[in-house]
Amino acid sequence: MKIGFVGLGKLGLPVALAVESKGHDVVGYDISDNVKNIIEAKKIPYKEIWAQDYLSKSKIQFTNLTNVVEHSEIIFVPIQTPHDPLYEGITRIPEERVDFDYTYLISGMKKLSDEIEKQDKEKVVIIISTVLPGTIRQKIKPLLGKNTKICYNPFFIAMGTTMKDFLYPEFILFGVDDLQAANTAEKFYRTINNATFFKTTIENAELIKVSYNTFISTKIAFINTIMEMCHKLPNTNIDDVTNALMLGNKRLISGAYLRGGMGDGGGCHPRDNIALSWLARKLDISNDFFDQIMKQREKQTEWLVNLMLENSINNDNFYILGKSFKPETNITTGSPSILLDNLLKEKGINATVYDPYVDEKEPNFKKGVYFIGTQHDVFEQFEFPKGSVVIDPFRMINKNQEDFKVIRIGDSNEY
Ligand SMILES: NC(=O)c1ccc[n+]([C@@H]2O[C@H](COP(=O)([O-])OP(=O)(O)OC[C@H]3O[C@@H](n4cnc5c(N)ncnc54)[C@H](O)[C@@H]3O)[C@@H](O)[C@H]2O)c1
């Protein structure tokens, strides 16, 4: 089929490549020159499995909006809906809560719809961007002309594995406004995979998307709380607890996101929690559950700061290893290890923060307190200076070391 993309950012470009890999004829447009350069130079600046290989061979044409509309039977719209940086999850969350910023999406959809009206031919337009329930009907639909057949189809993908997650999803979530447009989209998806095509209202789809992300944060907040208990209860170990809980796979679901470690991070989860907290307050929900998830993350990070300080030796040097929000990526958005650094700064401590995937230059490491903030495999081989203390929330460093002390969080035998 002839497919178009309006917005070729971190989600749009890998998905466009995945669609092309299934034999579709893909064109795209983005307002950013940076994106144009990425496609023309065929070089992706962020870590994304498969994407670089596919881009090297890709024939995706970067063009203008008029050509995208002319060319395409279906147009995907993955335009950003950012949260104010205050709500990214790398600082304490402010008392005030806000919704996402929809200005880019509103402006992009208006221009797209105007172009569709100009060409006076019906087009299926599928919004992918994350929005809170009610947004599409209230803020987007009133701007659109009669030829724009809108659908809402958020993806459950993780940065770093976007193409794989798009091609092999658990299910396809589809918010329907126009049945014929949904049928066209379903036909398209049958060329991609056989995953369940879950059709529902636009508002349900909006709510399911953010609930899914928040559910992941809930699992992480829950298991990290148990990890902290294991740290303080004799003869307990968080990994043994997780290994047992994972066996409860009929009533407790899967073991994914159930390993104790750092708080949830990335460009989607913390901000979705905070946005839902805003919505909970707006709707006067009896308990702002989403606030609790974020507070768990923030308060536990405070506890980690105290653990670092308790273990300092004289005026020790403090190091955080890892800046990215999860292993095998260089993306630092919403990173819990940057939150840790910011909370250390509140105590007047300037830690050296280093990530081999982000920084070109390695600092000069001295004896000090080391905190493993990202579970990059390379840290298993890290040469910690003699006399150092290593705090390891992932329990990746063997506890029996001659030259340095290891504190494995959630492994109370170490406490
Ligand atoms: N990246 C992910 O892993 C992911 C996963 C699920 C959902 N999402 C959601 O998808 C949306 C996009 O996320 P992203 O990470 O790709 O953001 P991004 O900022 O990397 O990409 C958005 C792109 O849209 C472009 N754009 C903005 N206005 C435009 C316009 N009028 N016309 C054409 N292009 C325009 C921007 O220049 C940018 O390149 C967000 O709502 C996000 O929450 C992202």
Tally, over region 4-63, of residues that are within 22 Å of Ile157 (Cα to Cα) and in a loop (DSSP other than H, G, I, E, B): 19
Test: Leu55 is in the same structural domain as Thr162 (by TED's automatic domain parsing), within 14 Å of Gly160 (Cα to Cα) and touching a residue at least 40 places away in the same chain (Cβ under 8 Å): no
Region 323-352 - residue that is over 26 Å from Thr161 (Cβ atoms) and among the small types (Gly, Ala, Ser) and, of those, surrounded by the fewest Cβ atoms within 10 Å (Cβ to Cβ): Gly348
Every residue from region 259-276 that is within 16 Å of the ligand (Cβ to nearest atom) and assigned to a loop (DSSP other than H, G, I, E, B): Asp264, Gly265, Gly266, Gly267, Cys268
Count - residues of region 98-143 that are touching an Asp or Glu at 6+ places or on another chain (Cβ under 8 Å) and over 25 Å from Gly4 (Cα atoms): 3
The one condition in (1) more than 12 Å from the ligand (Cβ to nearest atom); (2) under 20 Å from the mean Cα position of the chain (by Cα); (3) without any contact (Cβ under 8 Å) to a residue 40 or more places away in the chain; (4) over 24 Å from Ser324 (Cα atoms) that Asp84 fails to fulfil: (4)
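Quick one: in region 88-113, which of the residues that are of a type in the set (A, V, I, L, M, F, W, C) and not in a helix (DSSP H, G or I) is farthest from the ligand (Cβ to nearest atom)?
Out of the qualifying residues, it is Ile93.
Condition check ((1) of a type in the set (Lys, Arg); (2) farther than 24 Å from Gly160 by Cα; (3) surrounded by fewer than 17 Cβ atoms within 10 Å (Cβ to Cβ); (4) outside the structural domain of Pro327 (by TED's automatic domain parsing)) across all residues:
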| site | (1), (2), (3), (4) |
| --- | --- |
| Tyr354 | no, no, no, no |
| Val358 | no, no, yes, no |
| Gly373 | no, no, no, no |
| Pro385 | no, yes, yes, no |
Whichever residue in region 209-239 is within 27 Å of the chain's Cα centre (by Cα) and basic (Lys, Arg) and, among such residues, is surrounded by the fewest Cβ atoms within 10 Å (Cβ to Cβ): Lys219
Single residue of region 63-76 satisfying the filter (within 11 Å of the ligand (Cβ to nearest atom) and surrounded by fewer than 22 Cβ atoms within 10 Å (Cβ to Cβ)) that is farthest from Leu144 (Cα to Cα): Asn64
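Considering only region 145-258, give the helices (runs of 4 or more DSSP H) lying wholly within it that have at least 1 residues that are in contact (Cβ under 8 Å) with a residue 24 or more places away in the chain and away from the ligand (no atom under 16 Å from the Cβ).
It comes to 179-189, 202-232, 238-245.
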Any chance Ile253 is modelled with pLDDT of 95 or more, more than 20 Å from the chain's Cα centre (by Cα) and not basic (Lys, Arg): no
Checking Ser129 against (1) crowded, with 21+ Cβ neighbours inside 10 Å; (2) more than 13 Å from the ligand (Cβ to nearest atom); (3) modelled with pLDDT of 95 or more, the condition it does not meet: (2)
Matching residues, region 17-49, being within 11 Å of the ligand (Cβ to nearest atom) and under 17 Å from Val69 (Cα atoms): Gly28, Tyr29, Asp30, Ile31
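The values are calculated or read from the model by the stated rules, or taken from the named source; none is laboratory data. Computed from a prediction, not measured in an experiment: that's the story for all the values here. Glycine gets a Cβ as well: all are built from the backbone with ideal geometry, and neighbour counts include every protein chain shown.
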